[in-house]
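Student: Quick one: the structure is below, questions incoming.
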Amino acid sequence: MALMHVDFFSDVLGMCMNMDVILPQQTHGQIGMEGTDAGGQYKTVYLLHGMSDDHTIWQRRTSIERYASTLGIAVVMPATHLGFYTDTVYGMRYWTFISEELPAVCREFFPRMSAKREDTLAAGLSMGGYGAWKLALRAGGTFGAAASLSGALDIVGDYQRNSEAGLRQRFASIFGSEEELRGSDNEIMTLADKLAAGDGNLPRLYAWCGTEDFLYGGNLLVWEHMKKLGYDLTCEQSEGDHQWKYWDRKVKDVLRWWLGTDADLE
């Protein structure tokens, strides 16, 4: 595999941004692993970080490069700051950046990345799980599937449950008031309702959350709603809380689910 650290300018955000990108490379001489490049256009995962992290975190906390090398896929890991993948009330357009500008920039820089929605997955953890599902539900022309690990899927409930003054103020600066958030295009269940009521293609969705995670109750609520709407949803739960030893394990399941493979990624 090739690992690239990319610094580029975002016209949408008006500032320099960062992303780490893994690209397939056919190799045979590496000790302990082989690189795979199946030829043609690359299937691509946009792998999103959580609220306390940045574009480097998946490299630092998991073996994502090794998993991608076995599968021959591209992985884009962008910095998106603490904006909840939203065009924020305070003026930073993180939703427009992640849903429109970033895929266009990646396909310009790396022309072998497939532009097909079925070849493009959004995945992430915590805040990034929310962002991933939001991409599939609201930008389905680009993202044909999404996976959430311990995702903040019940964003209105999280807003209500946040008693810490600093976090409530931060939520308000991103989403506005609770009343403005409820029923808006920043709420997962509202987006799901709108898409299911139309004639668009529903995305494939995956979710996992640990039963001891503080976001577990919200996940159960959203999963049940999605099932009632008829989404192609694979949801899993197991013992675990909000930490990387689970996400490193479950991202392998995400990749196998998306690609329909039983590849050995150990």
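The values are calculated or read from the model by the stated rules, or taken from the named source; none is laboratory data. Quantities reported herein were computed from a predicted structural model and do not represent experimental measurements. Here Cβ is always computed from backbone atoms with ideal geometry, including for glycine, and neighbour counts include all displayed protein chains. The accessibility values were calculated without ligands, DNA or RNA, using every heavy atom of the protein model including side chains. Shrake-Rupley method; radii C 1.70, N 1.55, O 1.52, S 1.80 Å.
Student: Every residue in the range 58-72 that is crowded, with 19+ Cβ neighbours inside 10 Å and either touching a Phe, Trp or Tyr at 6+ places or on another chain (Cβ under 6 Å) or of a type in the set (Asp, Glu) (or both), please.
Tutor: Within the range 58-72, the first condition is being crowded, with 19+ Cβ neighbours inside 10 Å, and the residues that meet it are 58, 62, 64, 67-72.
Hit for the range 58-72 is Ile64, nothing else.
Student: Sticking with this structure for a sec: Identify, by number, the condition in (1) out of contact with any Gly (no Cβ under 7 Å at 6 or more places or on another chain); (2) farther than 17 Å from Ile155 by Cα that Asp241 doesn't meet.
Tutor: For Asp241, the exception is condition (1).
Student: For Arg204, state whether it is out of contact with any Ser or Thr (no Cβ under 7 Å at 6 or more places or on another chain), at pLDDT 95 or above and farther than 21 Å from Leu137 by Cα. Walk me through it before giving the result.
Tutor: Working: out of contact with any Ser or Thr (no Cβ under 7 Å at 6 or more places or on another chain): yes; at pLDDT 95 or above: yes; farther than 21 Å from Leu137 by Cα: no.
The answer is no for Arg204.
Student: Across the range 166-208, what is the total count of residues that are of a type outside the set (Lys, Arg) and either within 18 Å of the chain's Cα centre (by Cα) or open to solvent by 70 Å² or more (accessible area, probe 1.4 Å) (or both)?
Tutor: The qualifying residues number 19.
Student: Mind checking which pairs have a first residue in the range 43-59 that is farther than 17 Å from Thr120 by Cα and a second that is among the charged types (D, E, K, R), Cβ under 7 Å, 6 or more apart or different chains?
Tutor: From residues that are farther than 17 Å from Thr120 by Cα, the pairs are His55/Asp20; Thr56/Asp20; Gln59/Asp20; Gln59/Glu65.
Student: Can Leu135 be described as open to solvent by less than 10 Å² (accessible area, probe 1.4 Å) and in contact (Cβ under 8 Å) with a residue 60 or more places away in the chain? Let's see the steps before the verdict.
Tutor: Numbers: open to solvent by less than 10 Å² (accessible area, probe 1.4 Å): yes; in contact (Cβ under 8 Å) with a residue 60 or more places away in the chain: yes.
Criteria met by Leu135.
Student: Take the conditions within 15 Å of Tyr46 (Cα to Cα) and modelled with pLDDT of 95 or more and apply them to Val105. Does it pass? Quick ask: steps written out before the conclusion?
Tutor: Details: within 15 Å of Tyr46 (Cα to Cα): yes; modelled with pLDDT of 95 or more: yes.
When the stated conditions are applied, Val105 passes them.
Student: If you don't mind, another one. Can you pull out the residues in the range 173-205 that are β-branched (Val, Ile, Thr) and free of Cβ contacts under 8 Å to residues at least 12 places away in the same chain?
Tutor: Passing the criteria: only Thr190.
Student: Of everything in the range 118-132 that's open to solvent by 10 Å² or more (accessible area, probe 1.4 Å) and either at pLDDT below 95 or under 18 Å from Val251 (Cα atoms) (or both), which residue is nearest to the chain's Cα centre (by Cα)?
Tutor: At the first step, the residues of the range 118-132 found to be open to solvent by 10 Å² or more (accessible area, probe 1.4 Å) are 118-119, 126.
Applying the additional criterion that residues be either at pLDDT below 95 or under 18 Å from Val251 (Cα atoms) (or both) yields 119, 126.
On the way: Asp119: 14, Ser126: 9 Å.
Of everything passing the filter in the range 118-132, Ser126 is nearest to the chain's Cα centre (by Cα).
Student: Suppose we keep only residues that are among the aromatic types (Phe, Trp, Tyr) and within 16 Å of Tyr67 (Cβ to Cβ) within the range 209-266. Which one would you say is surrounded by the most Cβ atoms within 10 Å (Cβ to Cβ)? Walk me through how you get there before you give the answer.
Tutor: First, pick out the residues of the range 209-266 that are among the aromatic types (Phe, Trp, Tyr): 214, 216, 223, 231, 244, 246-247, 257-258.
Among the residues that remain, those that are also within 16 Å of Tyr67 (Cβ to Cβ) are: 244, 246-247, 257-258.
Values: Trp244: 14, Tyr246: 20, Trp247: 25, Trp257: 17, Trp258: 23.
Top of the filtered list is Trp247.
Student: Could you tell me which numbered condition Leu149 fails, if it satisfies all but one of (1) touching a Phe, Trp or Tyr at 6+ places or on another chain (Cβ under 8 Å); (2) surrounded by fewer than 19 Cβ atoms within 10 Å (Cβ to Cβ)?
Tutor: (2)
Student: Also, quick follow-up: Just to be sure I understand, how many residues within the range 39-57 are open to solvent by 30 Å² or more (accessible area, probe 1.4 Å) and among the β-branched types (Val, Ile, Thr)?
Tutor: Matching residues across the range 39-57 total 1.
Student: I've got another one for you. Those residues that are surrounded by 21 or more Cβ atoms within 10 Å (Cβ to Cβ) and either of a type in the set (A, V, I, L, M, F, W, C) or in contact (Cβ under 8 Å) with a residue 60 or more places away in the chain (or both), I need them from the range 73-89; list them, please.
Tutor: Listed by number, the residues that qualify are Ile73, Ala74, Val75, Val76, Met77, Pro78, Gly83, Phe84, Thr86.
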